[in-house]
Ligand SMILES: Cc1cc2nc3c(=O)[nH]c(=O)nc-3n(C[C@H](O)[C@H](O)[C@H](O)COP(=O)(O)OP(=O)(O)OC[C@H]3O[C@@H](n4cnc5c(N)ncnc54)[C@H](O)[C@@H]3O)c2cc1C
Ligand SMILES: Cc1cc2nc3c(=O)[nH]c(=O)nc-3n(C[C@H](O)[C@H](O)[C@H](O)COP(=O)(O)OP(=O)(O)OC[C@H]3O[C@@H](n4cnc5c(N)ncnc54)[C@H](O)[C@@H]3O)c2cc1C
């Protein structure tokens, strides 16, 4: 039996079958002074060092990018997650999320930073031997060395484990010789350290290696010419008899794919936080522009069509924020529990990320899609100027597009989510089957006319959420039962179910955050978060209804279909919400503050 | 009384209250041999002259762009709409749509072409005196002269009539001196002819002028650095005492805004056709890539998630095509009717475009949003390669983004649509009020249980359409009644209603096209168009329901709201459609043909 986080902490994936209370979730208002100071220091670094030279970064002028990384290292920004004993700050996971959030506004640089501190650092931190950690982490943490992560190959992208790069033991048994080609490697242009995945001999699975640039045999192509994040180095990397000492194997032979997958979990949730800085910056620009730009004798901010956009941009941002930090704290709690249970630190962290892999995928998807929406509307609000590279929106638009592609495409993440929830259900790790069966039973029984007590704040919203979860359980349960292992070939339906789950998590995070805020500061002080939660929940119910309908229509027939459609209608019902008014109130607030102010 | 097209032809905006039969609409299968030959000649020109030098065009190398325009002129492509007496081919409007469609695949060049042949030509063609036409049209038609259209100013974009450019009569009364600054002028870099909008003295409204480059006093800034369509020249243009002979005023004093608006109608519908070439090219690339790219030991085209995308890309393209040529022919018919009634050719054309201004706006919106969807999914199917400027998707993605901004932003077009339909209703030009009142009455009466005869092909779909129209009439009627002239300040609700109208027009165009195809060639031969129509109608009903709900929730209360919500539910009900299966069939066909083949 593997250790499970069963103490105070919530289980990953459990949100689908569990009623979570507002007290149980972490909200950004709860960041400590220390965390806020760290965020401020990061923001100062950005304002002083990054923003003034963004155009130069975009051109990758000289050594500007690695130099900035060195500076970030001097400030401690590269060691947020690294324990103090290895030269880092040893802060908890949600702090590293907060830093990723703040750095998000730097676009290209945010990818550089993320590749170094995430996929370029964590494999060593979590899987390295004590010697490896001692040797490399201080160098990475200080920024003396820049690191990168070489997993993808020309023929192995989403299917990362199919990579052809080979490692063969030298005749003296002292080195592995690595041969092969890697592609799309962020930071490759200036990296001193390469985490490389290769197959030893005829292994089926990958093994990871820590490779120093100076080991030799490493060459690379020119910089890729990309749509966006042009300031981030991306290259093809070739290994030609690159000589890696055997002690630089990372973790066990054939454990590489597992490492890759676990590290990607972390990358995914951090991407959710990482888009926030970008979203907020774009909202700031958009509000300011809308306030300044006059047409028809008035600021365009006064037009309802523009208010709708501004409000929705802020809503998407706020939702991503709510979900990201909620899950981030769940992970920190889980880590703490496991450590309290006696588990070793690195092991506890890995277990916790694995435990929340569904949430990590959800947040990657929410975040990347929120960013895409925000930049798209940002361009539109700028009108013709949105199409000019001399204004800020064009770059934001180009930069954003990568987030739905890397750290696992959003299609892969959607499929993973559904696959994982079903796997856990099968394994009995998550008791999904029982509630799913209860819902199935409810379908054919007389609906209960018990009126829940709706007098408490958000009681109605939480009732809606409860029912929405039933909708997901109904569809997912039926699909799992109908298809069994062949479910894999029904990706369209998996996508529908993924969409439903995503909406549940996002909407619940918003409702609980608003509820918690109101419970602390009162309804009047938190009218806008309440608006956000209400509008989002209404939209989520609609989306869940639509995804459910698509799914049901695509794999059921006759009476069964009718019954499920009726159930869906019942479960996704929500009261009309004056979305126009609620959005206007949100927009008016942003407009009066002339920035993202939620 | 103004002349009305009341003969054979259908009225603009009437689709909302009229049951149109399949025989009444034009479908692309009906293009004549002559039209097809013209399209083929255009395609040959593109394949031979444009595609091989696209990278050079993107860099605007030397005089490559104007040179290509000259070549296009030699082939007659710049004079498709110009009568033979002025050196053109004198073909009907739908032929010019077809040519725009084919040229669409050239991205930047398509904008250059569109600016010259559309906004740069038509003001003279439709509003010029005989002398002006004789003097300029042959030069424009042959490509000897390149033309551009100077309406937008730094402070006058959507609000074009607020332009500050001035025209003052010289003391000898022989010239107007034009002074002012224009912005975002396509083709400015090499134009010989400028259609310039300016205000004479203290006029409230614009006047149009035909300005030759050689008149002097014209300077310009460098090329704008744009997100996309980089191969299309876009510049700021300055007029400094530019001396325009009085005979070069176009049409009457203060008639400029009217010209601008009418010409934009044409630009809008042609944009719908103009995106088609781009959509089809991107679908071609995407299908080919999906067939070639292997992950998890299989071509990614075999994944349901990818099939969904490919099918939906094709659906969006096909829908845009259906709507564009349907409306194009309506316009041609209207022109023919008016001419038969004795109206002068140019006048008849103008009247007809004005008559179909609602459809023009709809098609601009459908087309630009279809293109954006298509390129976005194209990028996604390419995965990491979608983000590379060395693959075709990145450019397509950048180029597409302009279409929601120019020719009137999509927000402006949505508002215009609704404004126009209400105006026509008020004026009694369109009998919307009566059916709207009938629907309002139906809301409170017992629903009819008469079963319509659903035995004929598409009878069910047409019943759904009929009901969907009721949903729009219900919401629009109630909103108009509630707000009266203050409706303008309720843009969010106008947007909802616009969305509903758009979906009606698009879905009806699809259903009627499929029906006509089936009636000609049989159901078996046209299974896929039938699938497209069914999937689209299903989605349209969902969207109409959602937009209706948003609107109703935002301006009604209590019992009235309840009744309307129930009505909406009844009117937007549609039977479940196995969207997964229908889309798979569409995708499988594209995949087997390895291209857009609908
Ligand atoms: C700018 C940039 C930076 C990057 N940085 C790094 C880095 O530092 N290190 C690194 O190792 N990699 C990096 N990558 C690679 C990135 O992780 C991959 O591009 C990504 O995983 C997608 O793989 P792919 O490009 O091969 O696309 P493919 O896997 O070929 O996917 C193509 C399409 O098929 C879909 N698809 C694939 N498999 C399935 C399936 N089973 N079911 C349904 N749909 C499927 C995808 O969703 C996508 O739509 C980077 C990429 C870019 C563009
Ligand atoms: C590449 C390119 C080529 C162009 N070519 C030409 C050309 O050849 N000739 C020419 O004359 N012009 C041209 N234009 C200008 C183009 O037509 C304008 O950019 C467009 O009309 C929008 O005007 P704007 O940029 O001033 O945006 P704005 O009008 O400032 O709009 C900004 C935002 O406000 C919204 N908005 C504005 N008014 C309202 C309202 N009343 N209610 C609600 N929302 C509103 C808009 O929808 C938009 O989202 C071109 C532009 C570009 C980018």
Handout entry: Subset tally (residues that are within 14 Å of chain A (Cβ to nearest Cβ), surrounded by fewer than 20 Cβ atoms within 10 Å (Cβ to Cβ) and free of Cβ contacts under 8 Å to residues at least 60 places away in the same chain) for segment B:157-179
Key = 3
Exercise for the section: Check B:395, B:424 and return the single one that is more than 8 Å from chain A (Cβ to nearest Cβ), over 24 Å from residue B:157 (Cα atoms) and within 16 Å of ligand 2 (Cβ to nearest atom). Expected result: B:395
Completion exercise
Taking first residues from segment B:431-456 that are farther than 17 Å from residue B:560 by Cα and second residues anywhere that are assigned to a loop (DSSP other than H, G, I, E, B), the pairs with Cβ under 8 Å that are 6 or more apart or on different chains are B:431/B:17; B:432/B:17; B:435/B:17
Handout entry: Qualifying residue in segment B:450-460 (condition: away from chain A (no Cβ under 14 Å) and under 24 Å from the mean Cα position of the chain (by Cα))
Key = no
Handout entry: Options A:372, A:390: the member that is within 12 Å of chain B (Cβ to nearest Cβ) and either within 16 Å of ligand 2 (Cβ to nearest atom) or farther than 20 Å from residue A:506 by Cβ (or both)
Key = A:390
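From A:429, A:407, grab the single residue that is surrounded by fewer than 22 Cβ atoms within 10 Å (Cβ to Cβ) and either within 16 Å of ligand 1 (Cβ to nearest atom) or under 29 Å from residue A:158 (Cβ atoms) (or both).
A:429
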Practice task
Kindly provide the set of residues from segment A:295-305 that are in contact with a helix residue (DSSP H, G or I) (Cβ under 7 Å, 6 or more places away or on another chain), more than 7 Å from chain B (Cβ to nearest Cβ) and more than 6 Å from ligand 2 (Cβ to nearest atom), ordered by number.
Solution key: A:299, A:301
Problem - Residue in segment A:541-559 that is nearest to the other protein chains (Cβ to nearest Cβ), counting only those that are free of Cβ contacts under 8 Å to residues at least 60 places away in the same chain and farther than 21 Å from residue A:464 by Cα - result: A:553
Practice task
Considering only residues that are touching a residue at least 12 places away in the same chain (Cβ under 8 Å) and part of a loop (DSSP other than H, G, I, E, B), look in segment A:180-205 and name the one that is surrounded by the fewest Cβ atoms within 10 Å (Cβ to Cβ).
Solution key: A:204
Handout entry: segment A:211-260 - residue that is assigned to a helix (DSSP H, G or I) and touching a helix residue (DSSP H, G or I) at 6+ places or on another chain (Cβ under 8 Å) and, of those, nearest to residue B:398 (Cα to Cα)
Key = A:260
Problem - Checking residue B:308 against (1) away from chain A (no Cβ under 14 Å); (2) part of a helix (DSSP H, G or I), the condition it does not meet - result: (1)
Exercise for the section: Would you be able to say whether some residue in segment A:330-349 is surrounded by 21 or more Cβ atoms within 10 Å (Cβ to Cβ), over 30 Å from residue A:129 (Cα atoms) and away from ligand 1 (no atom under 16 Å from the Cβ)? Expected result: no
Handout entry: Candidates A:283, A:275, A:287 - the one that is more than 16 Å from ligand 2 (Cβ to nearest atom) and either in contact with a helix residue (DSSP H, G or I) (Cβ under 6 Å, 6 or more places away or on another chain) or away from chain B (no Cβ under 14 Å) (or both)
Key = A:275
Fill in the blank from the handout: When segment A:161-192 is checked residue by residue, the ones that are within 13 Å of ligand 1 (Cβ to nearest atom) and out of contact with any helix residue (DSSP H, G or I) (no Cβ under 6 Å at 6 or more places or on another chain) are A:162, A:163, A:165, A:180, A:181, A:182, A:183, A:185, A:188, A:189, A:191
Exercise for the section: With respect to residue B:568, determine if the residue is more than 10 Å from every other protein chain (Cβ to nearest Cβ) and surrounded by 16 or more Cβ atoms within 10 Å (Cβ to Cβ). Expected result: yes
Exercise for the section: Would you check if there is a residue in segment A:406-414 being over 25 Å from residue A:365 (Cα atoms) and at pLDDT 95 or above? Expected result: no
Practice task
Only residues that are farther than 15 Å from residue A:260 by Cα, in a strand (DSSP E or B) and under 30 Å from the mean Cα position of the chain (by Cα): list them for segment A:142-179, please.
Solution key: A:147
Practice task
Would you be able to tell me the number of residues in segment A:573-598 that are within 12 Å of chain B (Cβ to nearest Cβ), buried (at least 16 other Cβ atoms within 10 Å of the Cβ) and assigned to a loop (DSSP other than H, G, I, E, B)?
Solution key: 4
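Take residue A:136 and tell me if it is within 20 Å of residue A:83 (Cα to Cα), away from ligand 2 (no atom under 16 Å from the Cβ) and modelled with pLDDT of 95 or more.
yes
The values are calculated or read from the model by the stated rules, or taken from the named source; none is laboratory data. Here the structure is a predicted model, which is why all the values come from computation and not from measurement. FYI the Cβ positions are ideal-geometry reconstructions off the backbone, even for glycines, and counts take in every protein chain you see.
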